[in-house]
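Please treat every number below as a calculation from the coordinates, not as lab data. Everything quoted here is computed from the prediction, not taken from an experiment. Cβ sites come from the backbone with ideal geometry, for glycine too, and all protein chains shown count toward neighbours.
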Amino acid sequence: MQARDVMTREVVTVGPETSAKYAAEVMAEHGFAALPVLDDDDRLVGIVAEADVLRDRLPQDPRLHVQRSEPPKPPASLVHGVMTRGVRTVEPTADLADVARLFVDDRLRSVPVVDGERLVGIVSRRDLLRTLVRPDEQIRDDLLRLVEGYTGELGSWSVSVSDGLATIRRTRGVPDPSAEVEEQAVSALARTVGGVVGVRVLSSGDPGTPAPASPTG
């Protein structure tokens, strides 16, 4: 699956001169992890996250802390004073496995999707999680339709899905052009279906325990 398959296309954005408090209100009201920041030419110039507007905005209760000699400076009031300028972005065709790795390695909660300089969407960790909780029956139906469409052989395949692990088996007919090539193609197709976490392909004559699942990344 690719970023464009799960991204939010109607993106709420703010400008550099937007009030930081307003940005916080938008994120709190809608549950957004971050908001892209666009300039007057609709170019992506930054991103403002929850942590950015929280930083230094909750003054210490003087009853609970020793008073400093000088009061702290007030935080920046506009988005350009708190936003992150070095924005990590992905393209619409980015592999979701790579996006997930970016979230984990860089501890991000969302990432803008750009086509050239144009913002076309945003992907969050929640978007990726939604692909993992699709019902197995729905995944099975999509996968069976895809395999039958690719091979042009209706009623020749058995597909089962358990907790996102797909098992595919040819029940009749002859692999084309060979069993090895067909297995590779069917396995690759399965990994494009949302919710599939692993794939195993059995030959038509194999009644035994299937081989270990192939990773989806």
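Would you grab the residues whose amide H sits under 5 Å from the one on Q2? Only those 5+ places off in sequence or on another chain, please, with H modelled 1.01 Å from N.
Hits under the 5 Å cutoff: L96.
Mind checking segment 104-199 for trypsin sites (Lys or Arg not before Pro) that DSSP puts in a loop (not H, G, I, E or B) and that have at most 16 other Cβ atoms within 10 Å?
Loop-located and lightly packed - R107, R109, R172.
Give, in nm to one decimal, the length gained when the segment between R134 and L146 is fully stretched (0.36 nm per residue of separation minus the Cα-Cα distance).
Extra length from R134 to L146 when fully extended: 2.7 nm.
Which whole-Hz ³J(HN,Hα) couplings does segment 113-124 yield from phi under the Karplus relation 6.51 cos²θ - 1.76 cosθ + 1.60, θ = phi - 60°, glycine and proline marked x?
Result, rounded to whole Hz: 10, 10, 10, x, 9, 9, 6, 10, x, 8, 10, 10.
Test of understanding: ordering D127, D42 by Cβ neighbours within 10 Å, fewest first, what list do you get?
D42, D127
Going by how many other beta carbons lie within 10 Å of each one, how would you line up I122, I139, fewest first?
Fewest-to-most ranking of I122, I139: I139, I122.
I'd like the FRET efficiency for S77 and D163, computed as 1/(1 + (r/R0)^6) with the beta carbon distance as r and R0 of 45 Å, rounded to 0.05.
For R0 = 45 Å, the calculated efficiency reads 0.40.
Would you calculate the separation in nanometres between label points at V181 and L154, each defined as 7 Å from the Cα along the Cα-to-beta-carbon direction?
Each label point is offset 7 Å from its Cα along the Cβ direction, giving 2.6 nm.
Residue by residue, what Karplus-based ³J(HN,Hα) values in Hz, rounded to whole numbers, does segment 29-41 have, using 6.51, -1.76 and 1.60 with θ = phi - 60° and x for Gly and Pro?
Values per residue, Gly and Pro as x: 6, 9, x, 7, 7, 6, 10, x, 10, 10, 7, 5, 9 Hz.
What is the gain in length, in nm to one decimal, between E17 and R107 on full extension, counting 0.36 nm per residue of separation less the C-alpha to C-alpha distance?
Here the answer is 29.7 nm.
Hey, rough spin-label estimate for R172 and D95, points 7 angstrom out along Cα→Cβ, what's it come to in nanometres?
Once both label points are built, they end up 3.7 nm from each other.
Mind listing the phi-derived Karplus ³J(HN,Hα) values for segment 85-101, rounded to whole Hz, using 6.51, -1.76 and 1.60 with θ = phi - 60°, and x for any glycine or proline?
Karplus values, whole Hz, x for Gly and Pro: 8, x, 7, 7, 10, 10, 8, x, 8, 4, 5, 4, 4, 5, 5, 4, 5.
Give or take rounding to whole Å, what are the principal axis extents of the alpha carbon atoms in segment 136-215, in descending order?
Answer, in whole Å and largest first: 29, 26, 18 Å.
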